[in-house]
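Presented below is the structure to which this report refers.
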Amino acid sequence: MMNRRLLLLGGITTSLSTALSGCASPKVEEYVNEKPALDLRTYFNGTVDAWGLFTDRQGKVVKRFTVAMKCSWNKDVGTFDEDFVYSDGTQQKRIWTLIDQGNGAFTGTAGDVIGTAQGQTKGNAFNWAYTLALPVDGTILNVQMDDWMYLMNDRVMLNKARMTKWGFHLGDVTLSFSRRTTSLSQSNSALL
């Protein structure tokens, strides 16, 4: 009888452990050998454009947006001045202040971020975790963001962030960043 209980308990524990490990997020250390190596201070320096969308938990596109970012660094402190324009015509500004903590670690704050964001780069990846005060239908929801960025080449970075509340998946944010080159910036200004 005791052996049967131990066997049953062991089976339940193994099944639960397997199920929970399937929910685990990747670790940034898994990308340490991926190229090209991401240097946030180099990539986010100058003007960066982004195109993105919000999807709900079923994958339906809820809102599209563009972002124009003006990024600069003063020693170990970075400022990312972001201007969002949404598909419904609304606009938003977010200004991030990042601090390079060394060894690929970064902290950050912004007006709609609760507390301090924590991030780490390894290889071509950056993982950023923070709580965002998200306006939804006239109220503010504090949602947790598990934000991943992957450098594809010196100009393009892809970004996917998972939004959760109390551990429940609410939806995702997907972005494509494009870093302007000097010649591209000059040719764009010549068109204006």
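What follows is calculated from the coordinates using simple rules that are stated; it is not laboratory data. Quick caveat, the model's predicted, so the values are computed rather than measured. Counting neighbours? That spans all protein chains shown, and the Cβs are built from the backbone with ideal geometry, glycine included.
Please report Rg over Rh for the range 43-191, where both radii come from the alpha carbon positions and Rh follows the Kirkwood definition.
Numbers: Rg = 15.5 Å, Rh = 16.2 Å.
Across the range 43-191, the Cα-based Rg/Rh ratio is 0.96.
Each of Leu134, Asn124, Gly89 was placed along the dipole of the range 43-191 (beta-carbon charges, centred on the mean Cα), and the one lying farthest toward the positive end is Asn124.
Each principal axis of the Cα cloud of the range 27-70 was evaluated for its coordinate range; sorted largest first, these ranges are 34, 29, 12 Å. Scalar couplings 3J(HN,Hα) for the range 94-102, obtained by applying the Karplus form with A = 6.51, B = -1.76, C = 1.60 to θ = phi - 60°, are 9, 10, 8, 10, 9, 10, 6, 8, x Hz; x denotes Gly and Pro.
Counting charges near Thr47 (Lys, Arg +1; Asp, Glu -1) among other residues having Cβ under 14 Å from its Cβ returns a value of 0.
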